[in-house]
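*Asks:* One structure is given below, represented as structure tokens, and several questions about it will come after.
The values are calculated or read from the model by the stated rules, or taken from the named source; none is laboratory data. Predicted model, so just to flag it, every value in this text is computed and none were measured. Counting neighbours? That spans all protein chains shown, and the Cβs are built from the backbone with ideal geometry, glycine included.
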Amino acid sequence: MAESTITLRLFGALHALRRERGLPTVLKVDVPESGITGIELAESLELPVEQIEGLFCNHTVRPLRWMLRPGDHVAFVPLGTPGPHRFFLGLYGAGRGSDVNSTNGTS
């Protein structure tokens, strides 16, 4: 049977927000086989999209509109990551959506 979930981890202010709500900060989320964007995932979990700068999907920084698929390991990165780290991790480019490409099914 194919996996139908992603594993999501939250950091920083997003971690604190979930804890304040009494909710887990590491969770398995059911997603459709066709996938779901990071924005759709954040909205479904009632996370403040405007406070998310990018996401890691399978150890690679991606923009929020990246299509997430079952089996992916995802982490949302909140705004507020210090300047040099934003460039080193690739968040600057991800926040601008520069790495969205047709290999992921998005444009």
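*Asks:* May I ask you to say which residue of Glu40, Glu53 is assigned to a helix (DSSP H, G or I), acidic (Asp, Glu) and surrounded by 15 or more Cβ atoms within 10 Å (Cβ to Cβ)?
*Replies:* Just a single option satisfies the conditions, and that option is Glu40.
*Asks:* A further question follows. Mind checking which residues of the range 58-81 are under 25 Å from Gly22 (Cα atoms) and at pLDDT 95 or above?
*Replies:* Selection gives Asp72, His73, Val74.
*Asks:* Considering only the range 1-22, state which residues are in contact with a helix residue (DSSP H, G or I) (Cβ under 9 Å, 6 or more places away or on another chain) and either among the β-branched types (Val, Ile, Thr) or free of Cβ contacts under 8 Å to residues at least 12 places away in the same chain (or both).
*Replies:* Answer for the range 1-22, where residues must be in contact with a helix residue (DSSP H, G or I) (Cβ under 9 Å, 6 or more places away or on another chain) and either among the β-branched types (Val, Ile, Thr) or free of Cβ contacts under 8 Å to residues at least 12 places away in the same chain (or both): just Ile6.
*Asks:* If you go through the range 13-50 one residue at a time, how many are touching a strand residue (DSSP E or B) at 6+ places or on another chain (Cβ under 6 Å) and farther than 15 Å from Val74 by Cβ?
*Replies:* Number satisfying all stated conditions: 1.
*Asks:* What are the residue pairs meeting all of these: first residue in the range 46-60, first residue closer than 15 Å to Leu8 by Cα and without any contact (Cβ under 8 Å) to a residue 60 or more places away in the chain, second residue of a type in the set (S, T, N, Q) and crowded, with 21+ Cβ neighbours inside 10 Å, Cβ atoms under 6 Å, and 6 or more apart or on different chains?
*Replies:* none
*Asks:* Within the range 14-37, how many residues turn out to be surrounded by 14 or more Cβ atoms within 10 Å (Cβ to Cβ) and either among the basic types (Lys, Arg) or under 18 Å from Gly80 (Cα atoms) (or both)?
*Replies:* Of the residues in the range 14-37, 4 are surrounded by 14 or more Cβ atoms within 10 Å (Cβ to Cβ) and either among the basic types (Lys, Arg) or under 18 Å from Gly80 (Cα atoms) (or both).
*Asks:* Right, another one. Could you please find all residues in the range 38-65 being in contact with an Asp or Glu (Cβ under 8 Å, 6 or more places away or on another chain) and farther than 20 Å from Gly80 by Cα?
*Replies:* Residue satisfying the conditions is Asn58 alone.
*Asks:* Among what's in the range 26-57 and is of a type in the set (Asp, Glu) and modelled with pLDDT under 95, pick the residue that is farthest from Thr7 (Cα to Cα).
*Replies:* Taking the candidates together, the pick is Glu50.
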